[in-house]
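Q: Got a structure for you, written out below as C-alpha cells; questions coming shortly.
What follows is calculated from the coordinates using simple rules that are stated; it is not laboratory data. For clarity, every value in this text was computed on a predicted model and none was experimentally measured. Every residue, glycine among them, receives a Cβ derived from its backbone with ideal geometry; neighbour counts consider all protein chains shown.
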Amino acid sequence: DAGSSVEEMEFNWDEYLEDTGATAAPHGSFKHVDTSLQNGFAPGMKLEVAVKSDQNTYWVATIITTCGQLLLLRYDGYGEDRKADFWCDIMTADLHPIGWCEQNKKILKVPEGIKDKIPDQEEFLQRVLKGACSAPANLLEGLHRGKNPLDLIAPGSRLELQNVRDSLEAWIVNVVENIGGRLKLRYEGLEDSDKFDQWIFYLDPFLHQVGWATQHGYILQPPLAIRSLKSEAYWQEILKKVKEEEEESSVPTDLFKDKPVIGVHSFSEGMKLEAVDPMAPFVISPATVLKVYNEKYFMIEIDDLRPERTTSQSYICHVNSAGIFPVQWSLKNGLHLSPPPGYPGQDFDWADYLKQCGAEAAPQSCFPSLTSDHGFKENMKLEAVNPVDPEEVCIATVTRLKDSYLWLQLEGSKKPIPDCIVNVESMNIFPVGWCETNGYQLRPPRKAIVNKQKKIAVVQPEKQILSSRTVHDGLKNQELNSSDSVVINGKYCCPKIYFNHRCFSGPYLNKGRIAELPQSVGPGNCVLVLKEV
C-alpha cells in the first residue's frame, strides 16, 4: 500500500506454516472445492475401451478412480484383481460410452488375459451391464472431451442471479472471471461499469443457468439498485439480445447438479431470532423475520431501534442459510450478543426484549441442525475471502469454533477488520494453496516471512534406474530442511509434491489413498499412482 514501509516479499505457505508452528485445515473439510475438482466421471462408471493388444477390438472397462483428465480403468472380468489396472488420458485414449461398439459396428472381444474366465461373452456382458451406469457421452467426445466441467463457465458466459433483496426477482449476469469456480459476475447491461460486480462461487444456491427464472415463475428484471441507471426500453432490448444469443453463451445445465437443494422453511413474519449480517459478519445480533415470500424464501432484518435510522440491514434467507440461530443461542454457547443500536443499556435480556416488542421467538425446529464433525480446529490456517472487500483472499487463522461456525482472523487485508464468523460449509473459505493453484493473488501477511537461504544437495547416482536407496545414500551426509532442493542427474527435484486440479496427479490426495512410486522410473522422471488402501 502507498506509504507502507513493509517490503513486499514472495509468500510461501510451507515456510509460513513451519515458522508459525501452525497446521493447515484439512482439504477434505472444503466440500465445495472437492466438488469443483470433479471431472464428471465417477468410480463405477463403465465404458468401452480399445484393447491394447488388439487395437481393432474393444472391451468393457470400469472406472476405478479419476485424476484430472486421467482415468484408472479395469477391464470387466478381472474382478478384484488389480494387477491389470491401467491409466489412460481422456484426450488421447480410444474411449467410448456403452453401446458405441454396437452403433458403430465395432468388435467387443474379451482380452487374452481373462479369456479363460469368460466362456460365454454374451451372457457375461448381459450380466455386468444390467443396471450399469455408462460414462457420459458428452465427456468422451466433442468440445467437452477431457475438460473439467468447471472450465466450461468461461468469461462471457451468462447466468441468472437471484436478487438478494427480493428473492422473487432475478437478472442476467456475465462471467468476467472464473477463478477455480469463484466467479466474478457483472450484471448484463452494465458492461461499462464494474461498480456492481459480485464474487460468487458457482455452487451458490442463488445462481442459476439462463432460463431458470422463466421456468420457475420468477420475475426477470434488473435489481432496483441498477434499474434506474438505464431506460426501460434499454432493459427490454437486453432481454431480447440475451434470448437470441442464449445457446452460444449458456453453460451446461449439469454443472449445477451438485448445488445445495433449498428445502421448505417454517418461519413466520415477526418472529425473532439471532443472526449474523453476511455483509458485516463480525457480531451476532437480534433480528426479525421481516417478510415471507414463499415456502422457500424469507427476509431477515437486523434489529435497529434508533428512530433516526435511514437504512436497514436486510437480506434474503432460506432454511439452510448460514448465520441464523434461535433466541438464546449466544448465551448458551458463551458468546456475546450485540444489543440492537438504540437499545437502552448494555445488559441485553431476550425475555424483556420479546415482551417489549410484543414478538415471539422462532422455535428451534425452524433452524438447521449444527454439527461439530468438520475437521477444523483452533489455530488451523486456511484462505478466506475478505467480506468487506471480496476481491481480497487472505490468510486466515481459526481463533474459535462453536458447532458449525468458525471465527477467522484475517491477515494482510488492506484495512484491518475484526474476526469474521463463517459457517464451516461457507463457499468463501478455501484450503491452503488454493490461490496459488488457481493463479490468484493471496494477500500476504504484513510481517512477511523472509525466505531462508536454501541448500542444494547434488546426487550422482551410479545407475540409470533410481531407487529410494540411491537418493538416501546421496543425502545421508547433508543437513537439509523441508524447503531445500535436491539435484538428481542435473535436474532439480522439488522438496514436496503438490496435488491440484491443474496437474495430471489430480486433486489433493484424498483420504484413503497413498502414493506409490512405480519401480520402472527413469532418471529425471517421477510418476505417482494413487492406490486405494
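Q: V173's amide H: which non-local residues (gap 5+, or another chain) put their own amide H closer than 5 Å, with H modeled 1.01 Å from N in plane and none for Pro or chain starts?
A: Distant-sequence amide H within range of V173: L159, E160, L161, E188.
Q: Could you run the Debye sum over the Cα atoms of the range 47-88, one equal point scatterer each and no solvent, and tell me log10 of I(q)/I(0) at q = 0.24 Å⁻¹, two decimals?
A: -0.83
Q: Ordered by residue, what ³J(HN,Hα) values in Hz, to whole numbers, does the range 412-423 give under the Karplus form 6.51 cos²θ - 1.76 cosθ + 1.60, where θ = phi - 60° and Gly and Pro are x?
A: Rounded to whole hertz, the list is x, 5, 4, 10, x, 10, x, 4, 8, 9, 9, 6.
Q: Hey, another quick one. Which value in nm describes the separation of the simple spin-label points at N138 and R82, placed 7 Å from the Cα toward the beta carbon?
A: Using points 7 Å along Cα→Cβ, the separation is 3.4 nm.
Q: Step through the table entries K291/K415; K291/K377; K46/K106; K105/K257; K243/K291, compare each Cα-Cα distance with 27 Å, and write down the pairs that go over it. Kindly include the intermediate steps, with their values, before the conclusion.
A: Numbers: K291/K415 34 Å; K291/K377 37 Å; K46/K106 17 Å; K105/K257 34 Å; K243/K291 32 Å.
Among K291/K415; K291/K377; K46/K106; K105/K257; K243/K291, the Cα-Cα distance tops 27 Å for K291/K415; K291/K377; K105/K257; K243/K291.
Q: Note the full-extension length gain between S231 and T20 as 0.36 nm times their separation in residues minus their Cα-Cα distance, in nm to one decimal. Kindly include the intermediate steps, with their values, before the conclusion.
A: On the way: separation 211, 0.36 × 211 = 75.96 nm, distance 5.57 nm.
Length gained, S231 through T20: 70.4 nm.
Q: What value does the range 271-362 have for Rg/Rh, both radii from Cα atoms and Rh as Kirkwood defines it?
A: My calculation puts Rg/Rh at 0.93.
Q: Do any GluC sites (Glu not before Pro) in the range 17-102 lie in a DSSP loop with no more than 16 other beta carbon atoms within 10 Å, and if so, which? Can you show the working numbers first?
A: Numbers: sites: E18, E48, E80, E102; in loops: E80.
Qualifying residues, ordered by number: E80.
Q: Would you mind getting me the FRET efficiency between D304 and K31? Use the beta-carbon distance for r and R0 = 22 Å, nearest 0.05.
A: That pair, D304 with K31, gives E of 0.05.
Q: Among rounded, prolate and oblate, which fits the range 297-336 when a ≥ b ≥ c are the square roots of the eigenvalues of its C-alpha gyration tensor, a/c under 1.5 means rounded, and a/b larger than b/c means prolate?
A: oblate
Q: Once label points are set 7 Å from the Cα along Cα→Cβ at both D347 and E247, what is their separation, rounded to one decimal in nm?
A: So the label points at D347 and E247 sit 7.2 nm apart.
Q: Give me the net charge of P368's neighbourhood, meaning all other residues with Cβ under 13 Å from the Cβ of P368; Lys, Arg count +1, Asp, Glu -1.
A: The answer is -2.
Q: Continuing with this model, one more query. Once the piece of chain linking R145 and E391 is laid out straight, how much longer is it, given 0.36 nm per residue of separation minus the C-alpha distance between them?
A: Gain on extension, R145 to E391, equals 85.4 nm.
Q: Now for a separate question. Among residues other than A287 whose Cβ falls under 12 Å from its Cβ, what is the net charge (Lys/Arg +1, Asp/Glu -1)?
A: That sum, taken over residues with Cβ under 12 Å, equals -4.
Q: In the range 178-248, what chymotrypsin sites (Phe, Trp or Tyr not before Pro) fall in a loop by DSSP, with at most 15 other Cβ atoms inside 10 Å?
A: When the chymotrypsin sites (Phe, Trp or Tyr not before Pro) of the range 178-248 are filtered for loop state and at most 15 Cβ neighbours within 10 Å, F196 remain.
Q: Considering only DSSP states other than H, G, I, E and B, which trypsin sites (Lys or Arg not before Pro) in the range 382-416 qualify as loop sites with at most 14 other Cβ atoms within 10 Å?
A: Answer in residue order: K414.
Q: Based on the mean of other beta carbon atoms within 10 Å per residue, what is the order of 424-437, 355-368, 294-307, most packed first?
A: Answer by packing, highest mean first, reads 424-437, 294-307, 355-368.
Q: Ranked highest first by the average count of other Cβ atoms within 10 Å around their residues, in what order do 321-329, 90-98 fall?
A: 321-329, 90-98
Q: So, in nm, how far is label H216 from label D258 when the simple model puts each one 7 Å beyond its Cα toward the Cβ?
A: So the label points at H216 and D258 sit 2.0 nm apart.
Q: Please give the length that would be gained between V128 and K332 if that part of the chain were fully extended, namely 0.36 nm times their separation in residues minus their C-alpha to C-alpha distance (nm, one decimal).
A: 67.9 nm
Q: Please list, by residue number, everything in the range 313-343 whose backbone N is under 14 Å from a paramagnetic label point 7 Å out along Cα→Cβ of S372.
A: Zone members listed by number: 333-334.
Q: Please list, or write none, the aspartates and glutamates whose alpha carbon is within less than 12 Å of the alpha carbon of K230, excluding same-chain residues fewer than 8 places away.
A: E188
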